[in-house]
Amino acid sequence: MNDLELRLAKLETQMQKKTDRINLLSELIYQHEQHQALNLHLVIPLLASTADLSPLVRLLSQQLEQYRTIQQELAQDDSVGREYVQSLIDCLQQTQQTIAERL
């Protein structure tokens with residue numbers, strides 16, 4: 001192999017690793033969203049029986065701010081990371097909305 005072929009093979013390996021990482025993160029995002037949807041489904045009956053939800057509301061607000069900070073700190077070209085953090089933000093906002101509807 002000459003130098004050009006060697007560099008091309010190395011680049012192909014790097015691209016494959018990046019593609020594998022993106023696919024793995026996409027699957028993780030999907031599984032996380034499914035998990036959050038299940039959690040939300042299980043929490044709704046609990047919300048109806050809980051008298052004081054203010055600690056939960058505060059915790060959700062803190063987590064939401066943390067995820068927004070993380071999202072702002074991510075590199076603009078990290079689309080997978082941004083998508084993952086946005087999915088977490090969306091789940092928290094959905095949970096907050098559900099709690100607000102129950103209050």
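The simple spin-label model puts a point 7 Å past each Cα toward its Cβ; for A9 and S79 those points are separated by 3.1 nm. Between helix 54-73 and the chain there is an angle of about 20 degrees, using the helix long axis and the longest principal axis of the Cα atoms. Helical content alone sets the calculated 222 nm signal of the chain at -32000 deg cm²/dmol, taking -39,500 (n - 2.57) per DSSP H segment of four or more residues and averaging over every residue. Positive-end ranking of V80, V43, Y30 along the dipole of the chain, with charges on Cβ about the Cα centre, is headed by V43. Rounded to the nearest 20, the Cβ-based charge dipole of the chain about its Cα centre (Lys and Arg +1, Asp and Glu -1) stands at 160 debye. Shown here is the pair-distance distribution of region 9-103: with all Cα-Cα distances grouped in 10 Å bins from zero up to the longest one, the shares run 14, 37, 27, 14, 6, 2, 0 percent.
Values in this text are rule-based calculations from the coordinates and carry no lab data. Keep in mind it's a predicted model, so treat the numbers as computed, not measured. Note that we place each Cβ from the backbone using ideal geometry, even for glycine, and neighbour counts take in every protein chain shown.
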